[in-house]
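Read the structure below first, then the notes.
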Amino acid sequence: MARYLAARILQGLVTLLAVSVVVFVLSRLSGDPLTLIMDPMSTKADLARELARLGLDRSYPEQYAIFLLNALHGDFGQSIFFKRGAFEVFLEKLPATLELGGTAMAVSILIAIPVGVLSAVHQGGWFDRIARLAALTGQSAPVFWIGLVLILLFSVTLGWLPTAGRGSWRNLVLPAITLGWYGNAFLMRITRSAMLDVLDTDYVKLARLEGLAERRVIWKHAFKNAATSIVTTLGLMSISLVTGAVVTETVFAWPGVGRLTVDAIFQRDFPVVQAAVILIAVMVVAVNLAVDVVYAWIDPRVRFG
Amino acid sequence: MPWGSALILLAALAGALLAPWLAPYDPDQVDVLHRFTPPFWLDGGSVEHLLGSDDLGRDLLSRLLFGGRVSMLVAVVCVSSDAMLGTLIGMLAGYLGGWVDAALMRVADVMLALPYLLIALVVVSVLGASLVNVVVIIVALRWAGLARIVRGETLGIKQRDYVALARVGGVGRAGILLRHVLPNVMNSVIVVSTLGVGTVILFESALSFLGVGVPPPTATWGGMVADGRGSIGSAWWVSLFPGLAITAVCLACNLLGDWLREVFDPKSMRA
Amino acid sequence: MRRILMTGAALAALAAPPAMAQSLVFAINNLGAETWWPQDISQNKYITSNLGDPLIRLAAPYSLEPALATGWSMSEDGLSYSFPLRAGVVFHDGSPLTPDDVMFTFAPANVEKFVGFSAIKGGNLVSIEAQGSTVVMHLKSPVPALMDNYISRASIWPKAYVERFGIEGFNKRPVGAGPFRFVEHVKGQHVKLAAWERYYGDQPQVKEITFRVIPEAATRIAMLRTGEADITYNEIGATTGELKKYAMRGQPYGQPAQAALIFNSLLNPERSPGRFDDIRVRQALTLAVDRKVIADAVYFGAATPAALPVVGTRMPFYDTKFAPLPHDVARAKKLLADAGYPQGMQFDFVAATTNKDLAVLLVSFWQRVGIKANLNLLDPVSLSRAWWQRTLQGDQVMLVGGLANGMASAVYINSKSQVAMYASPATDTLFAQGMAIIDPAKQITWLHDTLLPAMNDLYPIAPVLEYQEGVLGLGPKVKSWDRFDLHSFGLQWLVPK
């Protein structure tokens, strides 16, 4: 197990290194932030001076080496736009994203898991059909459009909820639904098929034969066994909620990392772009590692596979 | 077989293919004096623009037909390229193993670890927005997921007796991959690709929302919804019709993919 | 019972002092860098400048008004400026404004740290001194439009406060002498300002203003409709029409700006002859477009056809004989034919994604005179880079935005500046000539007598539309807002209902 873990961690580090090269090169190729921070009257000499001040006049390998050495110490450089540490800027926006992502996930769990279980139990019935249709609709429409339609309906027309911004729980409702609905179909599908698998096993059939109440069979016996794949799915979903929040954050003016990174990309604020992409990749690698380790722990064959 | 889904997809496909004959107008023809004409059944609407006109006075029906063409073309090209790339890489990695496997899977890891929408934005700011660039970006960012699945299945198939027999019988690597592995991974590839159509259409619309999708004057459904959002309160039809088209086609693909999944039942794809 | 209650209410209304709206919400597209450091003004000038006032205010193009200084005078050679300071001005921390504060703000070492301000950087601002309550600034070489471009953009900040709390402390609790004082700032979400009771100028009529950052324009409009926002700031464009639909007022705001066509092959002084050297081709591109229709239908009158670069038609000294070119397809075709393109022409047309609608409209109008423009959209920074750093090869046509406020915009015809829209010995000579004139009154005469006719004869770039940078959407709680400071919002003139 220790060896497997070590190998997986090494793989993760190699992945992160490669991600850092990719984002470094791509952002450098996208130009420079000078047009945004210089005033139009400045001359070529002013531009050159500013480039040198930002360290952008050095060769790419040199810039990358400096960046990497600092990043290993947790220093992702100064944000060109915010004039503060890029890591600090990212961390400042992270709680908002986690709050939105966490709520969206809670919405998904509360809706998708029970519906998935019931769908499996009533496989092919009307409940199954309607539930799947409703879940899939969330995965079938542009997120920004759903968001704007929800605003029009619940904020403008009915006046029940605030339109945008972060604050009380009421601000959280619309963006969480918008973001959570997208993941619903995925989670529901996994729950449903995991349940179908378990319901088909002798173990559950036996429980039924023993005369246990159907409700008890489903929730106590079947669901407990289906839970492993559901939990790993939740792990993978947590990533897509962080990276997928870009559009939702924009529509609802939610001050999270997605919007921060989009702005940074448009402003060519390289340190923030690098910090955000690499830190998101760190989260992805960590979650994948955790999922793999859980798998390996449950199923020893994986370790040697 | 979900007949409803099949019907929707057929209708969308027919509309796209026959767009030049069905569309009443040139989809890019602007008419600034007749902006935001409502659909014909509303006050102020007319049969001249059955579904109304958009913010530059372009006929919405015509744009819907031509936009479907581009949206579905993008989806089909991306999904089939991903299918080929992902299947090839997945099979090679799974079958050859060793350093080839390690190298290919590390590349796949990197692609999967990148926040795809953000990376797409960076790449567009390097290459500029164009139809071809959007397709290239989507393909580059999406093949890895399928490659993982195909690799996993290939690993399993490799252990089977008939593969071992074929190998003993002197069948070359290419032969085994084509004759024995490929047919067995096809189910997963088809299911993933069907589900992928919707994802690609939505991805393009998200790019349009952020201003870097397929550029005008080319109409795409995603771009139409994105353009119409500015007037979503007053001229709702501009974003509603393309939005409904996207939803219908994506829903149909998702239902079809779900159905195929149950028919083929590839266990490896459940998690 | 009801009667009594009503009388009570009426009595209460009579007894209440003149109502001051408690609080208004202002939805804006972004808060900039979210630092309060006044040196960063090029990025979030709208927010910082409401806290701190400049010495001289730019109320409208060519309309300077005294602010912290009661006026200014310039030496004959244009190298020394005197600013007599207003007495009795108090910063938000209660300390009085002194010459020290001004000298601190414009200390040469501090000026070097300003974002932008290149004309007074690099040692051009030699020294600043106090003579009683008057501050005198000395330059090495004269800077035309010094007031409009620089002095009116720089808020004065309190020396003692900054020195005591440092930049960090200042950023947490910024202090200025402007009409509103700082209350609260939640990063990425909102900024709350409150009226400064001891403001020296016109008293603010709103007690509290909360700026909220709402990046998506459609969401801002929705907030205006629900009453969650009372004012929105929108860049000029499609949302202008949306405001009209909901019977919200759209108030043009900001510097006079133009959308213009520039030609990549004409950006370098050393160039080989090309298609767009011919003025007839440039004029044809303008004549082919019905700009009046675009301005009315798409911008709802918030834009008008533009006539000449650098000097907008609404400048007080504009000469109306230089009217915008009309929409004349026949003449456009004839000019093209005369220039050697009877079959029309084809070119690559580069525009910013934010200017998509206008670009698409231009392409479609050009199509009608046989011009095929291949539209290539870039994100705004890529476009500025292509223009400022000349990264494109070829004779593309670019749709760009620029200011058109007279002398301060003359930089567009100077081939040495990175924002040159047109480079030629003729325009360089013009630029040098104009820059040599230090006296503002003589500058105006020169603009009127020399520059306008020269621009008309050269037609160096093809201006398309002119407008102000943005449009303020005003909700029902706002009575009126029609006076501004071009470098801040001028919140003290916002009149609530």
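The values are calculated or read from the model by the stated rules, or taken from the named source; none is laboratory data. Since the structure is predicted, the reported quantities are computational estimates derived from the model, not experimental observations. Reconstructed Cβ throughout: ideal geometry from the backbone, glycine too, with neighbour counts over all protein chains shown. Protein only, heavy atoms only, side chains kept; ligands, DNA and RNA dropped before computing areas. Shrake-Rupley method; radii C 1.70, N 1.55, O 1.52, S 1.80 Å.
Can you say whether B:V134 is open to solvent by less than 10 Å² (accessible area, probe 1.4 Å), away from chain A (no Cβ under 14 Å) and within 21 Å of B:V70 (Cα to Cα), as far as the supplied structure shows? Yes; evaluated as a whole, the condition is true for this residue. Considering (1) part of a helix (DSSP H, G or I); (2) free of Cβ contacts under 8 Å to residues at least 60 places away in the same chain; (3) within 8 Å of another protein chain (Cβ to nearest Cβ); (4) touching a Phe, Trp or Tyr at 6+ places or on another chain (Cβ under 9 Å), the lone condition that B:H180 does not fulfil carries the number (3). All of C:A454, C:A436, C:A441 fail the test of being among the small types (G, A, S) and touching a residue at least 12 places away in the same chain (Cβ under 8 Å), apart from C:A454. Across segment A:128-165, what is the number of residues that are outside any helix (DSSP H, G or I), touching a Gly at 6+ places or on another chain (Cβ under 8 Å) and modelled with pLDDT of 85 or more? Adding up the residues that qualify gives 3.
Going residue by residue through segment A:78-90, is there one that turns out to be of a type in the set (A, V, I, L, M), in a helix (DSSP H, G or I) and either away from chain C (no Cβ under 14 Å) or closer than 30 Å to C:E112 by Cβ (or both)? Yes, some residue in segment A:78-90 is of a type in the set (A, V, I, L, M), in a helix (DSSP H, G or I) and either away from chain C (no Cβ under 14 Å) or closer than 30 Å to C:E112 by Cβ (or both). Would you confirm whether or not segment C:205-217 contains a residue that is open to solvent by less than 50 Å² (accessible area, probe 1.4 Å), without any contact (Cβ under 8 Å) to a residue 12 or more places away in the chain and within 13 Å of another protein chain (Cβ to nearest Cβ)? Yes, segment C:205-217 has at least one match.
Of the listed requirements (1) of a type in the set (K, R); (2) in a helix (DSSP H, G or I); (3) away from chain C (no Cβ under 14 Å), A:K93 misses just one: (3).
Among the residues making up segment B:228-247, those that are in contact (Cβ under 8 Å) with a residue 60 or more places away in the chain and either at the interface with another protein chain (Cβ under 8 Å from one of its Cβ atoms) or open to solvent by less than 10 Å² (accessible area, probe 1.4 Å) (or both) are B:G228, B:G230, B:S231, B:S234, B:A235, B:V238, B:P242, B:I246. Residue pairs whose Cβ atoms lie under 9 Å apart, separated by 6 or more positions or on different chains, with the first residue in segment A:246-274 and more than 9 Å from chain C (Cβ to nearest Cβ) and the second buried (at least 24 other Cβ atoms within 10 Å of the Cβ) and basic (K, R), are A:V246/A:R259. Among the residues of this structure, C:G434 does not count as one that is more than 10 Å from chain A (Cβ to nearest Cβ) and assigned to a strand (DSSP E or B).
Rundown of residues vs (1) closer than 29 Å to C:E76 by Cβ; (2) modelled with pLDDT of 90 or more, yes/no style:
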site	(1), (2)
C:A408	yes, no
C:V419	no, no
C:D439	yes, no
C:Q443	yes, no
C:L447	yes, yes
C:L452	yes, yes
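For C:R164, indicate whether it is modelled with pLDDT under 90 and either of a type outside the set (A, V, I, L, M, F, W, C) or touching a strand residue (DSSP E or B) at 6+ places or on another chain (Cβ under 7 Å) (or both). Judged against the criteria, C:R164 is not a match.
Based on this model, can you work out whether B:L33 counts as more than 14 Å from chain C (Cβ to nearest Cβ) and either open to solvent by 70 Å² or more (accessible area, probe 1.4 Å) or part of a loop (DSSP other than H, G, I, E, B) (or both)? Against the criterion (more than 14 Å from chain C (Cβ to nearest Cβ) and either open to solvent by 70 Å² or more (accessible area, probe 1.4 Å) or part of a loop (DSSP other than H, G, I, E, B) (or both)), B:L33 does not qualify. Taken over segment C:82-109, the criterion of being open to solvent by 10 Å² or more (accessible area, probe 1.4 Å), part of a strand (DSSP E or B) and of a type outside the set (G, A, S) is satisfied by C:P84, C:L85, C:V90, C:P96.
Before we move on, is C:Y150 without any contact (Cβ under 8 Å) to a residue 40 or more places away in the chain and at negative phi? Yes: the conditions hold for C:Y150. From the list C:Q131, C:Q189, pick out the single residue that is within 27 Å of the chain's Cα centre (by Cα) and among the polar types (S, T, N, Q). Going through C:Q131, C:Q189 in turn, just one is within 27 Å of the chain's Cα centre (by Cα) and among the polar types (S, T, N, Q): C:Q189. Of C:G402, C:G406, all but one fail to be open to solvent by less than 20 Å² (accessible area, probe 1.4 Å) and within 9 Å of another protein chain (Cβ to nearest Cβ); the exception is C:G402. Within segment C:177-193, the set of residues being open to solvent by less than 10 Å² (accessible area, probe 1.4 Å) and more than 13 Å from every other protein chain (Cβ to nearest Cβ) comprises C:A177, C:G178, C:P179, C:F180, C:L193.
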